[in-house]
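Here, each number is a calculation from the coordinates, and none is a lab measurement. The model shown is predicted, which means the values in this text are computed figures rather than measured ones. Every residue, glycine as well, gets a Cβ built from its backbone with ideal geometry; the counts of neighbours run over all protein chains shown.
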Amino acid sequence: MAKRPKVTAATMILSGGFLNFRRSVRYAARYGQACGALGRPPNLEEYRLFHGMSLSQAYREQAAWRACVGDLLIYDLVNKDAWADKGFSEQQREDAVARWLAGRDV
């Protein structure tokens with residue numbers, strides 16, 4: 001079993017700056033809300049529509065996340081038990097990662 005990457009607020013701020021840190025935390029929180037409401041991990045378009053934001057705003061939030069954590073996905077930072085507590089299977093997490101990496105979440 002792979003060890004989860006260690007990401008802290010300090011490392012995120014050092015990597016992306018404070019403004020990107022704030023945006024990335026908001027992105028992660030909103031992404032969790034959309035996940036819970038939709039019953040599955042949303043792609044970026046579904047995320048955007050769920051929160052009623054423009055495409056450019058959704059991209060800015062996603063870009064802020066990437067500036068702070070690099071290539072790590074939200075799915076990489078949430079442990080298996082927390083994922084299961086939200087009612088998602090490991091297969092759903094793996095499918096979401098695969099869609100993201102294939103570029104179908106943009």
Could you check how many residues of segment 26-64 are surrounded by fewer than 16 Cβ atoms within 10 Å (Cβ to Cβ), within 18 Å of Gly87 (Cβ to Cβ) and touching a Lys or Arg at 6+ places or on another chain (Cβ under 7 Å)? 1
Pairs, first on the phi < 0 side of the Ramachandran plot and among the basic types (Lys, Arg) in segment 12-33, second part of a helix (DSSP H, G or I) and surrounded by 14 or more Cβ atoms within 10 Å (Cβ to Cβ), C-beta under 6 Å, six or more apart: Arg23/Glu61; Arg23/Ala64; Arg30/His51
May I ask you to list the residues in segment 8-21 that are surrounded by 16 or more Cβ atoms within 10 Å (Cβ to Cβ) and of a type outside the set (S, T, N, Q)? Met12, Ile13, Gly16, Phe21
Search result, residues across segment 29-58 that are under 20 Å from Gly70 (Cα atoms) and touching a Leu at 6+ places or on another chain (Cβ under 8 Å): Ala58
